[in-house]
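First the structure, in the form of structure tokens, and then the observations on it.
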């Protein structure tokens with residue numbers, strides 16, 4: 001491929017990426033500029049409580065106390081968190097190395113602030129882990145799917161609201177979380193098949 005053809009190919013791509021970054025920054029700035037005093041405290045607390053997947057692990061511990069499908073859901077969820085966390089922190093953040101938003105320049109009110117992480121911004125690890133857990137548990141235990149997905153979306157939004165992530169980081173984290181759930185569920189299904197059982201099949205339905 002000639003230099004001219006390479007430039008003609010990468011030029012539009014660079015333009016698209018530039019536009020996406022501009023949109024990402026604009027949405028971040030719009031969230032920062034929107035006064036939401038009644039939401040600020042709750043979202044700040046949610047974002048902080050979601051550190052290290054504490055909410056998901058607490059829910060998994062509760063599910064694990066119930067034999068059968070809830071316990072299998074807890075195992076699938078914890079496995080999904082492990083995959084999502086490794087993918088986000090050991091691969092995504094190290095490969096992309098996107099800088100964190102300039103929260104002061106965006107004038108994010110201090111009432112929203114949580115500690116600004118030292119790690120790279122892309123993707124959102126909080127979102128990846130929360131979505132991974134919600135997706136995996138929801139597949140094994142369908143009644144829990146909607147509440148957990150709502151919680152995961154709230155966690156993801158809280159990272160933008162508190163100023164530590166761009167919306168694009170959260171969107172990427174959500175996609176990574178869903179993929180991580182698929183990996184965890186596939187691994188669980190393989191183990192179950194080796195034992196002659198099924199995570200979501202007839203044996204599980206009898207539990």
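The values are calculated or read from the model by the stated rules, or taken from the named source; none is laboratory data. It should be emphasised that the depicted structure is a prediction, and the values quoted were computed from it without experimental measurement. Using ideal geometry, Cβ is built from the backbone for each residue, glycine included, and neighbour counts are taken over all protein chains shown.
Odds and ends about this structure:
- Pairs are defined by a Cβ separation below 9 Å, a sequence spacing of at least 6 or placement on different chains, a first member in segment 4-20 that is within 14 Å of residue 168 (Cα to Cα), and a second member that is modelled with pLDDT of 75 or more and surrounded by 10 or more Cβ atoms within 10 Å (Cβ to Cβ); the pairs so defined are 20/168.
- Qualifying residue in segment 164-171 (condition: over 23 Å from residue 111 (Cα atoms), without any contact (Cβ under 8 Å) to a residue 60 or more places away in the chain and surrounded by fewer than 19 Cβ atoms within 10 Å (Cβ to Cβ)): yes
- Hey, residue 24 at pLDDT 95 or above, over 29 Å from residue 179 (Cα atoms) and in contact with a helix residue (DSSP H, G or I) (Cβ under 6 Å, 6 or more places away or on another chain) or not: no
- Conditions (1) modelled with pLDDT of 95 or more; (2) in a loop (DSSP other than H, G, I, E, B); (3) surrounded by fewer than 23 Cβ atoms within 10 Å (Cβ to Cβ): number failed by residue 178: (2)
- Residues in segment 105-130 that are part of a helix (DSSP H, G or I) and within 23 Å of residue 36 (Cβ to Cβ): 110, 111, 112, 126, 127, 130.
- Here residue 191 clears all of (1) at pLDDT 95 or above; (2) over 15 Å from the mean Cα position of the chain (by Cα); (3) closer than 17 Å to residue 69 by Cα except the condition numbered (1).
- Condition met for residue 25 (part of a helix (DSSP H, G or I) and either free of Cβ contacts under 8 Å to residues at least 24 places away in the same chain or exposed (fewer than 13 other Cβ atoms within 10 Å of the Cβ) (or both)): no
- Qualifying positions in segment 141-163 - buried (at least 22 other Cβ atoms within 10 Å of the Cβ) and without any contact (Cβ under 8 Å) to a residue 40 or more places away in the chain: 152, 156
- Within segment 50-72, the residues that satisfy the criterion of being assigned to a helix (DSSP H, G or I), exposed (fewer than 14 other Cβ atoms within 10 Å of the Cβ) and without any contact (Cβ under 8 Å) to a residue 60 or more places away in the chain are 52, 54, 58, 61, 62.
- Of the numbered criteria (1) more than 14 Å from residue 128 (Cβ to Cβ); (2) in contact with a helix residue (DSSP H, G or I) (Cβ under 6 Å, 6 or more places away or on another chain); (3) assigned to a helix (DSSP H, G or I), the one residue 42 fails is (2).
- Of the criteria (1) at pLDDT 95 or above; (2) surrounded by fewer than 16 Cβ atoms within 10 Å (Cβ to Cβ); (3) in contact with a helix residue (DSSP H, G or I) (Cβ under 8 Å, 6 or more places away or on another chain), which one residue 186 fails: (3)
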